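Structure first, then comments.
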Amino acid sequence: VKRAKKTGNTELYNHSTFDVVRTQFGIETALRRAIDNGDMRLSFQPICDLATGRIVSFESLARWAPDGREVSPSDFIPVAEECGLIVPLGRWAMDEAARTIAAWDKRAGGYCGANLAVNLSAIQLQRDQIASLVGRTLDSHGVAGSRMMLELTESAIVSDPDRIAETLHALKELGATIAMDDFGTGYSNLAVLQRLPIDVLKIDRSFVSGMLSDRDKVAIVRAVLSLAQALGMRTTAEGIETNELAQTLAALGCSYGQGFLYARPLEADAAFQLLSARNAASTA
Ligand code: C2E
Ligand code: MG
Ligand code: MG
Ligand code: MG
């Protein structure tokens, strides 16, 4: 995006404003079409028990590749949130995740060995009847609520904590688990956090990835781990790329890990095969 130069030239300024609008509108139009046409995909990244190495769940992540070129969710999710498309996109992701876990169980001839996490945007929590949507979606695929984890960000809980508390309790009643995503990057207040039925804190990659060479980051990670323990929550470290990091986090008492060390986000079929191979090997 071109920045307007302070030349006093209004034409230049208007031109760059137009570019911003046009790009945003372009993404919006193409994204709407992709959702309608079923061109979105989910990819699945394993989350492992740091003590045993077993895969316990997968995070489902939206993928979009218009004309074969992948656009990062960090680019299209904010646009989808701004224009409201996050609501249909989120419904699609929920349905696709439930369909996938049902298919994996069928392939495994029973419990496939892992649960799935789905990301929820703050907008979805405000506008959509999330608990009833999740309930209906699980029912329609014959999936138990306990197989679904919902990841929300701190921005979801700052606006209206009372309403969010109610929504989260309704989700818990379905058997679902709740994770606070990217923990440490937002502005959630600890009193609110303690009042919400949160099962897992996901420690943001920005604290995890450099912690071996940064004493401040280690201190933050330790603090989050002891906070979680005090509040009876489990923890997932995001962005684990090395064995050393995994071992350090395990020693510090972090429950789960996610990152390129274990696997990048995978297509459903590859994720299922990794699950079967990895967990079969670790029981042997
Ligand atoms: P997130 O929920 O925190 O997801 C984790 C992100 O970290 C993913 O990026 C994943 O590919 C990346 N990641 C995982 N391990 C590593 C690692 O070891 N190193 C590095 N450098 N990165 C790692 P991705 O798929 O690009 O998604 C970015 C964000 O977009 C997500 O962050 C989430 O906030 C949002 N997002 C993705 N799919 C959805 C969706 O279906 N719904 C909503 N509401 N948001 C989504
Ligand atoms: Mg997430
Ligand atoms: Mg995250
Ligand atoms: Mg993150």
Test: residue in segment 148-169 that is farther than 21 Å from L193 by Cβ and open to solvent by 20 Å² or more (accessible area, probe 1.4 Å)
no
Residue that is within 16 Å of ligand 4 (Cβ to nearest atom), touching a residue at least 12 places away in the same chain (Cβ under 8 Å) and touching a strand residue (DSSP E or B) at 6+ places or on another chain (Cβ under 9 Å), where the choices are L61, L42
L61
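Restricting to segment 138-162, and then to whatever is in a loop (DSSP other than H, G, I, E, B) and within 12 Å of ligand 1 (Cβ to nearest atom), can you tell me which residue is farthest from the chain's Cα centre (by Cα)? Let's see the steps before the verdict.
Residues of segment 138-162 in a loop (DSSP other than H, G, I, E, B): 142-144, 153-154, 159-160.
The next check asks that each one be within 12 Å of ligand 1 (Cβ to nearest atom); those that pass are 153-154.
Working: T153: 9, E154: 12 Å.
Ranking the qualifying residues of segment 138-162, first place goes to E154.
Out of G110, G135, I need the residue that is assigned to a loop (DSSP other than H, G, I, E, B) and either free of Cβ contacts under 8 Å to residues at least 40 places away in the same chain or open to solvent by 10 Å² or more (accessible area, probe 1.4 Å) (or both). Which one?
Working: G135 fails: assigned to a loop (DSSP other than H, G, I, E, B).
Of the residues listed, the single one that is assigned to a loop (DSSP other than H, G, I, E, B) and either free of Cβ contacts under 8 Å to residues at least 40 places away in the same chain or open to solvent by 10 Å² or more (accessible area, probe 1.4 Å) (or both) is G110.
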Restricting attention to segment 105-140, the residues that are touching a Ser or Thr at 6+ places or on another chain (Cβ under 9 Å) and more than 21 Å from L152 (Cα to Cα) number exactly 4
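Go through V208, V224, V218 for me and flag whichever is more than 12 Å from ligand 1 (Cβ to nearest atom) and in contact (Cβ under 8 Å) with a residue 12 or more places away in the chain.
Details: V208 fails: more than 12 Å from ligand 1 (Cβ to nearest atom); V218 fails: in contact (Cβ under 8 Å) with a residue 12 or more places away in the chain.
Only one candidate qualifies: V224.
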Taking segment 64-84 and keeping only residues that are free of Cβ contacts under 8 Å to residues at least 40 places away in the same chain, open to solvent by 60 Å² or more (accessible area, probe 1.4 Å) and either outside any helix (DSSP H, G or I) or away from ligand 4 (no atom under 16 Å from the Cβ) (or both), one is left with D67, G68, R69, E70
Single unsatisfied condition, V87 versus (1) assigned to a helix (DSSP H, G or I); (2) within 16 Å of ligand 4 (Cβ to nearest atom); (3) open to solvent by 10 Å² or more (accessible area, probe 1.4 Å):
(2)
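Filter segment 114-127 for residues that are open to solvent by 20 Å² or more (accessible area, probe 1.4 Å) and not in a helix (DSSP H, G or I) and give the result. If you could, list the steps in order and put the result at the bottom.
Let us first name the residues in segment 114-127 that are open to solvent by 20 Å² or more (accessible area, probe 1.4 Å), namely 115, 119, 123, 126-127.
N115, N119 - these are the residues of segment 114-127 that are open to solvent by 20 Å² or more (accessible area, probe 1.4 Å) and not in a helix (DSSP H, G or I).
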If T185 passes every condition in (1) more than 22 Å from R54 (Cβ to Cβ); (2) touching a residue at least 12 places away in the same chain (Cβ under 8 Å); (3) not in a loop (DSSP other than H, G, I, E, B) but one, which one does it miss?
(3)
Residue count, segment 37-59, condition within 15 Å of ligand 3 (Cβ to nearest atom) and among the charged types (D, E, K, R), comes to 1
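Which residues, counting only those in segment 229-245, are of a type in the set (A, V, I, L, M, F, W, C) and under 20 Å from the mean Cα position of the chain (by Cα)? It would help to see each step written out before you state the result.
Step one: list which residues in segment 229-245 are of a type in the set (A, V, I, L, M, F, W, C), which gives 230-231, 233, 237, 240, 245.
Within segment 229-245, M233, A237, I240 qualify.
The values are calculated or read from the model by the stated rules, or taken from the named source; none is laboratory data. Predicted model only: the values in this text are computed from it and were never measured. Methodologically, a virtual Cβ is constructed for each residue, glycine included, from the backbone with ideal geometry; neighbour enumeration extends over all protein chains shown. Just the protein is used for accessible areas: all its heavy atoms, side chains included, with ligands, DNA and RNA removed. Shrake-Rupley method; radii C 1.70, N 1.55, O 1.52, S 1.80 Å.
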